[in-house]
Structure formats: C-alpha cells, structure tokens
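Encoded as structure tokens, the structure appears first; notes follow it.
The values are calculated or read from the model by the stated rules, or taken from the named source; none is laboratory data. Not measured: the values here are computed from a predicted model. Methodologically, a virtual Cβ is constructed for each residue, glycine included, from the backbone with ideal geometry; neighbour enumeration extends over all protein chains shown. Protein only, heavy atoms only, side chains kept; ligands, DNA and RNA dropped before computing areas. Shrake-Rupley method; radii C 1.70, N 1.55, O 1.52, S 1.80 Å.
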Amino acid sequence: MKFSPVRSKDRFLVFGSPALGDAEIEAVVKTMKSGWLGTGPKAAEFEADMKAYKGASHAVAVNSCTAALHLSILAAGIGPGDEVITTPMTFCATVNTIIHAGATPVLADVDPVTMNIDPREVERRITPRTRAIIPVHFAGRACDMDALCAIAARHKLIIIEDCAHAIETEHKGRKAGTIGDFGCLSFYVTKNVVTGEGGMVLARNEEQAARIKVLALHGMSKDAWKRFGDDGYKHYYVQEAGFKYNMMDLQAVIGIEQLRRVNGNWKRREAVWRRYGEELSKLALALPADPEPDTRHAYHLYSVMIDNERCGISRDDFLNAMTRHGIGVGVHYLSIPEHPYYQKTYGWNPEDYPHAKRIGRQTVSIPISAKLTDADVGDVIEAIRRVLAR
Ligand SMILES: Cc1ncc(COP(=O)(O)O)c(C=O)c1O
C-alpha cells in the first residue's frame, strides 16, 4: 500500500515555530527606519519590562542564554579550581559555560519523574571545591528550589538558575530566576518569548549586575553605547577584557511585543498540553508528569518517552516516522555524558547517570508552540497513533 502522510511535505509542521504577530513585524520595521539598530533605548526598555514581569532586582539583556550563563558564572567570581554542579539533562551550553569560565563541571543525576536535578544527588557531589549549583527548570517544570536553596545555604554555594525553558515558571509563588542569585533566560527562536537570538541575566546584587553589563560590551565603561547619541561624543574606557554579548534594539523590540502576549501564549500551550494528555494517555508511550502543586509549569516542551519494548518501535525510528508524516520533532536531550568531548575530557560515562541516560535515549519532544491550531494538534496526535499502530 502506498504511504500516505498525515501532512504533506509542503505542509510540514516545523518544530518550535514561534507565535509572531504583526506587532513584532511592525516594531522591527520601525526600528530599522529609526536608524538605531544596535544596543540602545529599546534594549533598556525590554530589560525594564522583564524586570517588572519577573519581579527581579536587576536585569541585563544579552545576546543569548549562553552569554547570560557565562557572565553570571564570571560575576559570581567562579574560575579555575572551582567546581560547579549541574544536570546531565540539559543543553550543552549549560556545561560549556562552566568550562569557558575556567571551572570544572560536575554532574548530578536527575529525578526520573520530574527530569530535574535531584537535590540528593547534588549533595552527594559536593566537595570542598564546590562553589555553585546550576539547576535547569527542565521543560519549564520548577526544580525543587526549597531543597536546593537549603543545600546552597548549608554549603555556602551560589545558585544560578538556567531558565532557558522557564519564562513563566513559578515555585511556591516565586518566579524562576529570582529564587537563586542569578537567573538566565533564553529568547532563542523556539523559546516561549523569542527575539531570534537573545538572553537576559536576572541578578539580585547590584554590583554583580553592573559588572555583567560592562562584561557584555567588551568591558567598556557603563553606558558606552550612548557614545553615538545626540548629547555629544563620549569617550569610553575599557575596565576589563569583556565580551561581545550585547543585545541589539532590533532584537529587543521583538521581545517587548512577545512579553506583552506572554500569558495568552502560555494559556494556549496549557490547552495543547491538556489535549495531548487526554488523547495520548490511551497509547503505549509515556507522558510527562502533571505539574507539581504550588508551581506554575511554563509548558515549554512536551516530551513523550518511547520505550522500544512497550511501544514496539525504537526512539530513533519513531523520530523518523513522525518526520515522514510531516511532523517536526526534537530530542531534549541526549544526556550530557553521551557526548564524546565530555567523555574524553572528564571521563564521564552515561551509565553513571542512569535516569538521564534512559530519558535521553527515550525522549521525543512533540510540537507545543502557541502558534499551533487545533487542526495542527490533531495532526500530531494522528501521526503518533499511526506510527504506534504500525
Ligand atoms: C537548558 C538550556 N540552557 C541554555 C540554553 C542556551 O540558550 P541560548 O541558545 O539562548 O544560548 C538552551 C538553549 O536551547 C537551553 O535549552
């Protein structure tokens, strides 16, 4: 019988395609016409808007979450000889930024249900050199911040929250990114608030926030971007060897519009999450756990588990079959110790982090963007039904 896909190639459902409106397009055009594309008043406005949304003390816009993590680690005074504990169930950037700061990354396995770093595993990995913990609110699910903060207080550790998935996430009424010392946001194309590429640091401490601002623009004295403004040329002075991590106004104007619609988009993803839960629960695959009470899940990723024995298909064959049906899918993530660089450099072995290993080898992220129509969601469900019924 001839194969008939749920969606033809020309209707391929792109994974993580963002919900962008006319407001974003008009804002970009207006900025381009203004002649000021680079870092300036709009980046400052986006910082103020996000600071208010999160209830943060300080916010510094940068050009990625990777930059945000790197600068937070540096501003915390972490460097060679220090160890930083993070999760094996994350994007490589979380680990790479620890390495770029000159410190040593240490992994602590995840809880098999929440997929978030397990505080008991963190405690087991603490040594006299441990300086910080970087928890990732995986898929938008809040980490156990009570337990992590208690460990940090006991051992005098810094907490840098990786909030790449966690714009809307809350834990017991507190917003993710404001519970630890630093919170790092991502506005990458697939994220819940997008600017194309982009990120932000939320910081508690004013001095550290000011240092991050300087480090993000070559180490030039504060407000160096104003040197091309209309109130006279200003010299800048380099205070330390910084980075080119600044966010452009062209990016910020997209973020400003996106943040205005953050709640509506969250509600849409919550509805999609619920529908998946209702319709996929009858199938052989395993679904993500419900959000914990007293938390707000950001619904950034919807990860199903494809266990070969239970589903009658391997995870990788499932990925290919969904793609053939015109549905874009993702893997978040192969566990960090699966990658050759870390095996070679740190001797990490996936077997030592068994929960992350299993999740990484079974997980498939199906689309959950606010842009999805009811018909799109129906197509995803139909494709999964057909793939599992082969
Ligand atoms: C958990 C996590 N941390 C960090 C990052 C890095 O974000 P960015 O692409 O904005 O640098 C990502 C991006 O996918 C991520 O998912």
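General remarks:
- Residues whose amide H falls under 5 Å from that of His171, counting only those 5 or more places apart or on a different chain, are Ala176, Arg296, with hydrogens built in the peptide plane.
- Temperature 20 °C, viscosity 1.002 mPa s: under these conditions the Stokes-Einstein estimate for the chain, based on its Kirkwood radius over C-alpha pairs, is 98 µm² per second.
- Share of carbon and sulfur in the accessible heavy-atom surface of the chain [1.4 Å probe, %]: 52 percent
- Spin-label model distance (nm) - His339 vs Asp374, 7 Å beyond Cα toward Cβ: 4.2 nm
- When every Cα-Cα distance of the stretch 136-264 is counted in 10 angstrom steps from zero, the calculated P(r) takes the values 12, 33, 33, 17, 4, 0 percent.
- Within the chain, helix-based [θ] at 222 nm, where runs of 4 or more DSSP H residues each add -39,500 (n - 2.57), nearest 500: -12000 deg cm²/dmol
- Residues considered: Phe12, Phe243, Phe228. Largest GNM mean-square fluctuation over the chain, using C-alpha springs under 10 Å, is found at Phe228.
- The gain in end-to-end length when the Asp146 to Tyr237 segment is fully stretched comes to 28.5 nm, 0.36 nm per residue minus the alpha carbon separation.
- With all projection directions averaged, the alpha carbon convex hull of the stretch 5-65 covers 6.9 nm².
- For the stretch 216-290, convex hull of alpha carbons as volume per residue, Å³: 169 Å³
- Calculated over the stretch 72-163, the projected area of the Cα convex hull averaged across directions stands at 5.2 nm².
- Angle in degrees between helix 374-388 and the longest Cα principal axis of the chain, rounded to the nearest 10: 50 degrees
- Based on Cα contacts under 8 Å between residues 6+ apart, the stretch 178-326 shows a relative contact order of 16 percent.
- Normalising by residue count, the stretch 115-196 has a Cα convex hull of 89 Å³ per residue.
- Across the stretch 1-143, C-alpha contacts under 8 Å between residues 6 or more apart give a mean separation that, scaled by the residue count, equals a relative contact order of 17 percent.
- The value given for the stretch 2-130 is a Kirkwood hydrodynamic radius of 18.9 Å, derived from the mean inverse Cα-Cα separation.
- Across all directions, the average projected area of the convex hull around the alpha carbons of the stretch 139-187 is 3.1 nm².
- Principal-axis tilt of helix 206-216 within the chain, Cα atoms, nearest 10 degrees: 80 degrees
- The distance linking the stretch 336-370 with the stretch 293-317 is 14 Å (Cα centroid to Cα centroid, whole angstrom).
- Accessible area ranking (1.4 Å probe, heavy atoms, ligands and nucleic acids excluded), largest first, for Leu372, Leu287: Leu287, Leu372.
- Projected label distance in nm at Phe3 and Asp290, using a 7 Å step from Cα toward the beta-carbon: 3.8 nm
- For the stretch 213-271 and the stretch 34-107, distance of Cα centres in Å: 13 Å
- Mean sequence separation of contacting Cα pairs (under 8 Å, at least six apart), scaled by the length of the chain, corresponds to a relative contact order of 23 percent.
- When the alpha carbon gyration tensor of the stretch 249-390 is reduced to an equivalent ellipsoid, its three semi-axes come out at 27, 23, 15 angstrom, largest first.
- Think of a 1.4 Å ball rolled over the protein heavy atoms: the chain then has 44 Å² of accessible area per residue.
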